[in-house]
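All remarks here apply to the structure that follows.
The values are calculated or read from the model by the stated rules, or taken from the named source; none is laboratory data. Everything numeric in this text was worked out from a predicted model, so none of it was measured. No Cβ is skipped: glycine too gets one built from the backbone with ideal geometry, and neighbour counts run over all protein chains shown. Heads up: the accessible areas ignore ligands, DNA and RNA and are worked out on the full protein's heavy atoms, side chains in. Shrake-Rupley method; radii C 1.70, N 1.55, O 1.52, S 1.80 Å.
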Amino acid sequence: MRMASRIGAVGLSVLLAAGTVAASAKEFVFVSWGGAYQDAIREAWLKPFMEATGTKVTEETSPETAKIQAMVTSGAVTWDIVTDGGLGVTRGAKAGLFEEITPEMVDQSGLYPEILNKYGVPSEIFSTAFAFSTEAFPDGKPQPESWADFWNVEKFPGSRALFGQPQSVLEAALMADGVAQADVYTVLATKEGQDRAFDKVRELKPHVGLWWTGGAQPVQAIGSGEVVMANGWNGRLQAGITEGLPLKIVWNGAVAEVGYFMLVKGAPHRDDAIEFLRWVTKPESQAQFHKYVSYGPTMPGAWEFIPQSEWGRLPSSPDILKQSIFLNVDWWLENEAAMVERYNALMQE
Amino acid sequence: MTVLAGDEAARPPPSRLPLLPRGAGLAAGLVVLVFAVLFVWPIVRLIATTVFVDARGWTAFATIVSSPMYRTAFTNTFFISGLVTLITLLAAYPIAYFMATVQPRTAKLIAFVVLLPFWTSALVRTTAWMVLLQRRGIVNSLLMNTGITDAPIPLLYNLSGVIIGMVHVLLPFMVLPLYATFLSVDQRLIAAAEGLGAPRFTVLRRIVLPLTAPGAAAGALIVFMSAIGTFITPVLMGGPRQMMIAQAISYHMQKQLDWQMAGALSLVLLAVTLVLFLVYRQVFGLDRLVAADAGVAGDPDGPLRGVLGLGRLPAGIMAVAVGLFLIAPIAMVYPLSISSSPFLQFPPARWTFDWYAKLADDPKWLRAALSSLRVAAEAIALSVILGTAAAVAASRIAPRLRAGMEVLILLPMVVPTIITAIALYSQYAPLGILGSPESLAIGHTILAAPFVFITVSASLKSFDRNLELAALGLGASWSAMFRRIMLPAILPGILAGAVFAFITSFDDVVLSIFLTNSASRTLPRVIYEGIKDDTDPAVVALAAILITISFGAFLLSLLARDRRA
């Protein structure tokens, strides 16, 4: 017991010392989704920032919007920066969870204009594309090149895996049905367009062997031969390729999305956190992230710091961006509940 | 099943006996207070401040009734839970029977096998099942090579996937209570019946089944209630057609931030479950089941051993089959943990110990493991005290009050964990105790207490009240009687409850996400964060280590027994 209490006392004094240091130094709390993604953020941005500025960054994990909501509601905010995709940002902002980021706080004029969001700083661009098994469709034989091919079970027979949620799948269905990329959301905005998208998904349904729910599943399913084609998040698909799995990504018609860093309303270390947001939106910083995960930078200026040999796997590189559309966050926010319900019903038919 | 409620009414009801009614009332009151403060109040407050803040809260109920999606989800939830309960019941009987009629050492081995699933997290178990069950998986290869089928059978992403996954993880909840009642069967009754010429089937039907029924009823209650709240297994191993209501609630809570809809769905789920529970209680309730007077109990060589006659062989084969079913995915963890592929391809390109090295490199794993053990230890201690006190008190108070108390204590099993998590978070945040392992331990205590309550109540059923009366009559104090007479009798129930408490704490992700921070987060949370969208084979290596440790502990316990003997 004495040993234990001595250890306790030492621990307490260390804690107290840490407390006094922290009170005078710069610090903030950064919260993201753990795993390889947060590892990449740490290496690309947090560590260099800490070294350059002497700021102490405490990392937390699982910034579930529901937890932020509970945090803000109960008035005990302990987090500064949280991360999420576009839908999460806008939904959280509507619930009053995030502070608006003004140009005075972070200058975002150098970023791709179509990805700006009042309540979040774009940190990286990722994509939902599809990949096919090169065992099923090897080089030298016909290989799928578009969503129309993804839907073409005569020319490319075999089971498919599709995302178990409608985001990006309805877009893909319309493209497969011949809608031009630029018109996808005009068509999807109408009742007829929605029917058309759902009918197209229904057409493929007998050949969907897996409605995936986690990012690793489509890669695993192609690798194991469970399916011959799947849509999936490009970072995961790329990790499968790096691992030597027999798959190839088709970028034509990819649906790009944006990762954002948000400032929690009432953040206890607001100013130090803002300094970090500025750091992340520098072209040199933006050119670091791809080294750890295959996600692209959010500003054109970053490309001059990224070797051309890497461009082919990054969703925002000029050639790939030309063939992609951006997920329309506003439309989805408006329609998600109805679409998800209809999509669930379709999957259950 | 002849000695039921009717006969009981003819005897003087035991509750009229002077068995410390005031003490029982006091204990019951305390338990109710603890539950009210730590659980009911936060939930009521959350629901009241989210669902019924405006008119939309009421229309949410109309939406639920009219929407085919929710109707399907509710039907699925109760259908799948019922089916899982039935299958676990059938699978658990032979196992529990053999545990009670083999030598203690073998019984321990069986218990070890039954508890194996809990050393892996839900996500790791699912991954292992995928390797076994997928189209080109091991099971399908076996079936096709042996010519049983020509084409692969779809075992995953459909009803069979969900059932396999859920039965696997819920089976222990059925086996342990059953085993506890098998141990307390008065084997003289069997000997007497056989001596009087009763045929084997009659002995089974009139003696063994009724005497083990409390265990079956307790197990079925636990499995059914747990199945209703299951979340991860149906998502990963089922298809869209198997969507269950916990999934929909979590979606509205976390993705849509629509707490009104989530709260309304939870209330409907709660209402339906409570109705089912009250019906169940009327038919199979612990009250209704016969109280066995334990005499010569727990003797592995007693007449119970021979009760199946030649039927012991098929029953044995079935028990072994169930054992293999439990072990298969766990055994897969070892080869997977040294596979070079982070996407868990099997067989892999090459073998490697990289994932073990990765575990050793990152201190977060050890820290999380220690935090998990600490939280689990605290939760076990608290829930055993709370659950046992509740069970003893409930058995001594008026039957009408008892029904209310049972409902109250079983509530945490029915309320979706995500709702509990957010309610507790909102309650703890202003108090400044968030993030401490203790705040999570309190949460786990609430989740685990119902298990202890059920298992202890079941063993109290077979506790001979005359012993208690005799002890008190001979001048023993109530606490001396409890220590020397009652405690030893209900110990199997307490131990089963403690094991369930450990499992509950060690397998929880949702409460941990809300109530801990990066310093105090538990192992399941770290595992979840590692492979929710990603793949991190380090968690498979970790599972292999945990299984090995539990196996080591098992071997040690055998050695320790040898030395004593």
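A few comments on the model shown:
- Translational diffusion coefficient (Stokes-Einstein; Kirkwood radius from C-alpha pairs) of chain A at 4 °C, 1.567 mPa s, in µm²/s: 59
- Ellipticity at 222 nm from helices only: DSSP H runs of n ≥ 4 in the protein assembly as shown, each -39500 (n - 2.57), divided by the residue count, give -19000 deg cm²/dmol.
- A Förster radius of 25 Å combined with the Cβ-Cβ distance from A:Leu116 to A:Ser74 puts the calculated FRET efficiency at roughly 0.20.
- Heavy-atom accessible surface of the protein assembly as shown: percent carbon and sulfur, 1.4 Å: 65
- Volume per residue of the C-alpha convex hull in the stretch B:64-354, rounded to whole Å³: 164
- Within chain A, the whole DSSP H helices whose Cα atoms reach 30 Å or more along their own axis and whose mean Kyte-Doolittle score is at least -0.5 are A:2-24.
- Take the Cα of B:Leu559, go 7 Å toward its beta carbon, and none of the backbone nitrogen atoms of the stretch B:107-123 fall under 15 Å from that spot.
- The stretch B:64-354 - charge dipole about Cα centre, Lys and Arg +1 at Cβ, Asp and Glu -1, debye rounded to 20: 280
- Projected label distance in nm at B:Ala360 and B:Ile385, using a 7 Å step from Cα toward the beta-carbon: 4.1
- Low-density loop positions, GluC sites (Glu not before Pro), the stretch A:122-192 - DSSP coil, at most 13 other Cβ in 10 Å: A:Glu135, A:Glu145, A:Glu154
- Legend: residue pairs A:Lys155/A:Lys205; A:Lys141/A:Lys248; A:Lys248/A:Lys291; A:Lys265/B:Lys364; A:Lys47/A:Lys94; A:Lys26/A:Lys282, Cα-Cα distance threshold 23 Å; pairs beyond threshold, A:Lys265/B:Lys364; A:Lys47/A:Lys94.
- Debye log10 I(q)/I(0) for the protein assembly as shown, one point scatterer per Cα, at q = 0.04, 0.08, 0.09, 0.11 Å⁻¹: -0.20, -0.79, -0.99, -1.43
- Helix runs (DSSP H) in chain B reaching 24 Å along axis by Cα, Kyte-Doolittle at least 1.0: B:68-101, B:159-183, B:209-229, B:259-284, B:312-337, B:363-394, B:437-461, B:487-507, B:538-564
- Point-to-point label distance, B:Phe325-B:Ala377, nm (Cα→Cβ direction, 7 Å offset): 3.7
- Going from the chain on its own to the full set of protein chains, the stretch A:59-75 has these residues losing 20 Å² or more of accessible surface (heavy atoms, 1.4 Å probe, no ligands, DNA or RNA): A:Glu60, A:Thr61, A:Ser62, A:Glu64, A:Thr65, A:Ala66, A:Lys67, A:Gln69, A:Ala70, A:Ser74.
- Size descriptors for the stretch A:37-196 (Cα atoms only): Rg and Dmax, in that order, 21.0, 62 Å.
- FRET efficiency estimate (nearest 0.05) - Cβ-Cβ, A:Trp331 to B:Val407, R0 41 angstrom: 0.35
- Within a Gaussian network of chain A (alpha carbon springs, distance under 10 Å), most fluctuating of A:Ala338, A:Ala44, A:Ala230: A:Ala338
- Using the Cα coordinates of chain B, the gyration tensor eigenvalues translate into equivalent-ellipsoid semi-axes of 37, 31, 24 Å, sorted from longest to shortest.
- Relative contact order computed over the stretch B:64-354 (Cα-Cα under 8 Å; 6+ residues apart), in percent: 30
- Dimensionless Rg ratio for the stretch A:114-250, taking C-alpha atoms and the 2.2 N^0.38 Å reference: 1.08
- Relative contact order for chain B, counting Cα pairs under 8 Å that sit 6 or more residues apart, in percent: 23
- Prolate/oblate/rounded label for the stretch B:289-396 (Cα gyration tensor, a/c 1.5): oblate
- Projected label points at A:Glu192 and A:Ala345, each 7 Å from Cα along the beta carbon direction, are separated by 2.1 nanometres.
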